[in-house]
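Novice: Below is a structure I'd like to ask you about.
Each reported figure results from applying straightforward, stated rules to the coordinates on display, with no laboratory input. It should be emphasised that the depicted structure is a prediction, and the values quoted were computed from it without experimental measurement. For neighbour counting, all protein chains shown are included, and Cβ atoms are generated from backbone atoms with ideal geometry for every residue, glycine included.
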């Protein structure tokens, strides 16, 4: 297996940081508001996303950075505010993965990045939009 390019390594780091940030933010929402959906379900999905990326780090014998977001998550005054911010984050997530996918031609990286983008846009974004509508 050939080594990753510097751009591919940077893409993996950026993707992992984004997933760590989402997991930490959604975990904080749960700590502040209790076991509320869709945050409880999506936090678990973010954990699976992190694991998918960590598998790539292991496959390419790279040291994965730790989650630097611990204790840094934004606190929200209301669930509506948290849901609205999550909508914006999931929209930004699509642009991130579009950019990261342009950094590689490797099938395994493209598959993981594509799967994470799809989960964000097809499952997380609609769930957070429903959350905003319910709390409007």
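Novice: Rounded to the nearest 0.05, what FRET efficiency is calculated for residue 78 and residue 98 with R0 set to 35 Å and r the Cβ-Cβ distance?
Specialist: FRET efficiency, residue 78 to residue 98: 0.70.
Novice: Right, something else. For residue 135 and residue 105 in the same chain, what is the full-extension length gain: residue separation times 0.36 nm, less their Cα-Cα distance, in nm? Could the numbers behind the result be given before it?
Specialist: Working: separation 30, 0.36 × 30 = 10.80 nm, distance 4.19 nm.
Extending this stretch completely gives an extra 6.6 nm.
Novice: Determine the distance separating the Cα centre of the stretch 27-76 from the Cα centre of the stretch 95-136; give it in Å without decimals.
Specialist: Answer, in whole Å: 15.
Novice: Now, a different point. Taking 25 °C and 0.890 mPa s as the conditions, I'd like the Stokes-Einstein D for the stretch 6-134 in µm²/s, using the Kirkwood hydrodynamic radius from alpha carbon pairs.
Specialist: In µm²/s, the coefficient rounds to 164.
Novice: Something else: Taking 7 Å along the Cα-to-C-beta vector as the label spot, tell me the residue 118-residue 36 distance in nanometres, rounded to one decimal.
Specialist: 3.1 nm
Novice: Calculate the spin-label point distance for residue 47 paired with residue 14, positioning each point 7 Å from the Cα along the beta-carbon direction, and give it in nanometres.
Specialist: 2.8 nm
Novice: Hey, can you rank 9-15, 32-38 by average C-beta count inside 10 Å, highest first? Let's see the in-between values first.
Specialist: Details: 9-15: 18.7, 32-38: 12.7.
Result, highest mean first: 9-15, 32-38.
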